[in-house]
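Have a look at the structure below, then the notes.
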Amino acid sequence: MEKLYELIVIGGGPAGLAAACQAWEKGLRRILILERDSELGGILNQCIHSGFGLQRFREELTGPEYAGRFIEMLADTGVETRLDTMVLQIVPGEQGAPHQVHAVSAKEGYQVLETQAVVLAMGCRERTRGAISIPGERPSGIFTAGAAQRYLNMEGYMVGRRVLILGSGDIGLIMARRMTLEGAKVLACVELMPYSGGLMRNIVQCLQDFDIPLYLSHTITDIKGHDRVEQVTVSKVGPDRRPIPGTEMVFDCDTVLLSVGLIPENELTRAAGADMDRRTNGARVYENMETSIPGIFACGNVVHVHDLVDYVSAESERAGAAAAAYVQGKRAEVNARMVELKNGDGVSYTVPQTIRADEVGKMVDVFFRVNRVTGAAAIAVRDGEGNSLTGFRRAHLAPGEMEHILLPGDLVRQAAGPITIAIEEDKGGAAQ
Amino acid sequence: MKELVCIVCPRGCRLQVDEENGYAVTGNSCPRGAEYGRNELKNPTRVLTTTVRVTGGVHCRLPVKTDTAIPKGMLFQAMEAANAVCVEAPVQPGQVIIENLLGTGANLIAGRGIGKGGAFPDTTPPPLRGTSPYTGEACRERHSNSFLAHRPQPVSRPS
Ligand SMILES: Cc1cc2nc3c(=O)[nH]c(=O)nc-3n(C[C@H](O)[C@H](O)[C@H](O)COP(=O)(O)OP(=O)(O)OC[C@H]3O[C@@H](n4cnc5c(N)ncnc54)[C@H](O)[C@@H]3O)c2cc1C
Ligand code: SF4
């Protein structure tokens, strides 16, 4: 057995990098990052477009530039990294005993490492055609948008010439522009829901700039082609999201890109026995990003899908700091008073799911997503008896844009019962 | 009155720009939005991000961007210019790849560093670009090794 680490971070994307840097800052000295790719940076390495870091660095950086800033910061620390190393299993230690991390690499073979704390930062993967079952033949030419992004931006392949995009998530929108600039014809972007899943700014600068039509409330109902995609049929869907006969449009194209959502990559988390949240597909976490297993923390896309990397970094720094505190002996009380965060009307999930009332500092960060598009609305925070604790105003809300609020710690400590977060839309604009 | 969505930051403020009134902007939450609104109607510009070929490095593509925004109408011309260059590793982050791109005053700069060696060690064009992995044909242009240029066939395996 090798030396005992204080902290092992699984995944060297922006989440893992920020968590490791912060834990170093807080005084940990035996930190190791395990990354299965041959370099650090995670998915940012293929996101060559700009728009990262506006909040954090007040600059518009590209993905590789943003990752570069953190990789440089890491280089100033003594954090160890092992690349080309895939983590296979985490065995939680009983009763405060060290956790075991099992990993494998071509260079060092099978490794069993011991550590006091673990930060899970494995990111997410894309939903595929299989995951959403599109009818039609199974020719080549159907890619997830992120796979096409990697082929084009890192390996130098164009995956097609006449492209249809299913789903209006940010990666699909970004790829619509990227493929157009490289000379492909992007025929349309087709979205099942009546609203886009991507950021408004991406609809403007990726679709409208290039006159690419966006068909909301539409979906693919057939794909034709024997070896390669040749024709795709798109139909309008009704409010029940079922295709409406007679509304078919036929596109001659050779490529379909799927941008139909991301799934947090949690095989390790589940196998370790952490409590999961069905709505986020990630582990349930407390206010300090600790999972239900003491000493195992999680941050970034593995907890819930973020649209902005700036939030990933901030969240991961909290996880890194909490992991350091855990190693330094500041552990949460076993019998701490728990305050559940409940999803009220219009809210599809919150992170954290539970707050340990006695652990919170001055402010608690709460992230959530809404489940419908609204105009001006209030985010209402109420206690178990329905009394209003506080509220926040928003000019508009959309499921494609993650919301962030700061709850005062005192409010949480004094709250009676669970706290519910709900959306209250203005009726005639007079609501409080 | 023109309605726009500000794309300067993820907030996506809805702007109204009054062309008849000295391009007065309303709806913006910060001064950058006002500037964007005015420019968008007078002389729309964008930052271009793309890749250029790189040889002799650990990767075969280098992400690049213009260090300032260039006129929107010149994006495709700028793409042509970028696709015509091929740099040699090592590349430093921020290194100027094309100076004063098409006379716009903007430089095309490297978005990351790329070390020497690794998967594409020599300075001959990387194999992915040189021949199609599908047909073995030589590729003439940058992307003619598109998955499409030919009927896709199974990736050739040693027989
Ligand atoms: C295809 C794609 C495109 C995106 N585009 C944008 C965008 O344009 N703008 C934006 O703001 N956000 C974008 N995002 C969201 C972006 O991923 C997040 O903002 C951020 O990168 C998440 O960071 P992360 O560290 O949580 O995950 P990642 O960046 O995904 O990093 C996770 C890392 O963990 C490693 N890993 C996973 N499992 C293991 C294991 N078992 N052992 C060892 N290592 C492991 C992976 O190799 C990876 O390096 C995109 C996401 C995807 C999937
Ligand atoms: S006006 Fe300012 S705050 Fe609003 S989107 Fe533009 S840059 Fe962002």
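The values are calculated or read from the model by the stated rules, or taken from the named source; none is laboratory data. From a predicted model like this one, the values you see are computed outputs, not experimental measurements. Virtual Cβ from ideal backbone geometry, glycine too; neighbours counted across all protein chains shown. SASA here: full protein model, heavy atoms, side chains in, ligands and nucleic acids out. Shrake-Rupley method; radii C 1.70, N 1.55, O 1.52, S 1.80 Å.
Dipole magnitude for chain A: computed about the Cα centre from +1 point charges on Lys and Arg Cβ and -1 point charges on Asp and Glu Cβ, it is near 440 debye.
With the cut-off at under 13 Å, measuring from each backbone N in region A:237-280 to a point 7 Å along the Cα-to-Cβ line of A:F210 picks out A:257.
Amide H to amide H distances under 5 Å link B:G12 with no residue, where only residues 5 or more positions off or on other chains count and H is placed in the peptide plane. Taking 17 Å as the straight-line reach from the Cα of A:K427, none of the lysines fall in range once those fewer than 8 positions away in the same chain are excluded.
Per the Debye calculation on the protein assembly as shown with a single equal scatterer at every Cα and no solvent contribution, log₁₀ I(q)/I(0) for q = 0.05, 0.07, 0.09 Å⁻¹ amounts to -0.23, -0.46, -0.77. Each part reduced to its alpha carbon centroid, region A:306-346 and region A:108-168 end up 28 Å apart. Once you reduce region A:1-21 and region A:386-416 to the center of their Cα atoms, the two points are 32 Å from each other.
Dividing the convex hull volume of the alpha-carbon atoms in region A:355-425 by its residue count gives 83 Å³ per residue. Legend: residue pairs A:K26/B:K65; A:K185/A:K224; A:K236/B:K72; A:K107/A:K330; A:K107/B:K116; B:K65/B:K116, Cα-Cα distance threshold 28 Å; pairs beyond threshold, A:K26/B:K65; A:K236/B:K72; A:K107/A:K330. Could you check how many percent of all C-alpha pairs in region A:1-158 are farther apart than 27 Å? Pairs farther apart than 27 Å: 35 percent.
Going from the chain on its own to the full set of protein chains, region A:308-336 has these residues losing 20 Å² or more of accessible surface (heavy atoms, 1.4 Å probe, no ligands, DNA or RNA): A:L308. Only Cα sites of region B:2-42 enter the Debye sum here, all with the same form factor; the resulting log10 I(q)/I(0) across q = 0.22, 0.29 1/Å is -0.55, -0.95, listed in q order. Under a model in which nothing but the beta-carbon of Lys, Arg (+1) and Asp, Glu (-1) is charged, region A:355-425 shows a dipole of about 120 debye around its Cα centre.
Counting residues in region A:116-225 as N, plug N into 2.2 N^0.38 Å and put the Cα Rg over that result. Write out the running numbers ahead of the final one.
Values: Rg = 15.1 Å, N = 110, 2.2 N^0.38 = 13.1 Å.
Normalised by 2.2 N^0.38 Å, the Cα Rg of region A:116-225 equals 1.15.
Within the same chain, aspartates and glutamates fewer than 8 places from A:K3 are excluded, and of the rest, those with a Cα less than 17 Å from its Cα are A:E80, A:E108, A:E114.
Among beta bridges from DSSP that stay inside the protein assembly as shown, the antiparallel ones total about 70%. If R₀ is 56 angstrom, what is the calculated FRET efficiency for the pair B:Q77 and B:Q16, using the beta carbon separation as r and rounding to 0.05? The computed FRET efficiency comes out at 0.95. For region A:360-389, the residues whose amide N sits under 19 Å from a probe point set 7 Å from the Cα of A:R337 along the beta carbon direction are A:360-365, A:382-389. Dipole of region A:241-290 computed with +1 at Lys/Arg Cβ and -1 at Asp/Glu Cβ about the Cα centre; of A:V260, A:N288, A:P245, farthest Cα towards the positive end is A:P245.
Estimated from helices alone, the mean residue ellipticity of the protein assembly as shown at 222 nm is -5000 deg cm²/dmol (sum of -39500 (n - 2.57) over DSSP H runs with n ≥ 4, per residue).
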